[in-house]
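Here the structure is laid out as structure tokens; the discussion comes afterwards.
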Amino acid sequence: MRHSTKEHAKGSFAQHGHFEFEQAHGVVMLNAYGPFNVETVRALGRTRTVGEVQWGFHKPRVALVVFHGSMLMSPDALQAYQEDLVEHFAKVTPPSAIAWVAGPAVEGRLLMCPHFEKIYRDFQIPWQSFETTEQALPWLQAHLPHAPSL
């Protein structure tokens, strides 16, 4: 089943951007359509909670995030993203690794990737950015023991 941050909108302002989630074979896959504001990031946290219940986020897994359009976030959205991860990883087992895919045409790729690299390094989660999904999949496969081929 697919989940979207559009289903969990709350707040004073409309969401800018959205995330769509699905899960298969130990891989949580997200399509991210940016740029993103705080309302979207908070909806991301609520959407993760739904996934926790349905998919069992205590099992070994990796995450693949594919960005479309833009990966820019306002400073307050970036702060909210980090705060949400602190709360989320206190409740569930973090993924074994996270790969982000952002091709050269994705706005803000060079600006945002260093921020996210630091966030995931602070959580001690292997994180890597790639330009294509085909580049990311072997790297993710290496971080998910006993998984079928991706």
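The values are calculated or read from the model by the stated rules, or taken from the named source; none is laboratory data. Being a predicted model, the structure only gives us computed values, none of them experimental. Virtual Cβ from ideal backbone geometry, glycine too; neighbours counted across all protein chains shown.
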All conditions in (1) at pLDDT 95 or above; (2) surrounded by 14 or more Cβ atoms within 10 Å (Cβ to Cβ); (3) of a type in the set (Gly, Ala, Ser) are true of Ala80 except (1)
Of the residues in region 20-37, those that are in contact (Cβ under 8 Å) with a residue 40 or more places away in the chain, buried (at least 20 other Cβ atoms within 10 Å of the Cβ) and under 14 Å from Val66 (Cβ atoms) come to Val27, Gly34
Phe116 fails exactly one of (1) surrounded by fewer than 18 Cβ atoms within 10 Å (Cβ to Cβ); (2) of a type outside the set (A, V, I, L, M); (3) without any contact (Cβ under 8 Å) to a residue 60 or more places away in the chain, namely (1)
Checking Thr49, Thr132 in turn, the sole residue that is among the β-branched types (Val, Ile, Thr), surrounded by 14 or more Cβ atoms within 10 Å (Cβ to Cβ) and either under 17 Å from Arg2 (Cα atoms) or at pLDDT 95 or above (or both) turns out to be Thr49
Going through region 21-44 in order, the residues found to be in contact with an Asp or Glu (Cβ under 6 Å, 6 or more places away or on another chain) and either assigned to a strand (DSSP E or B) or of a type in the set (Ser, Thr, Tyr) (or both) are Met29, Asn31
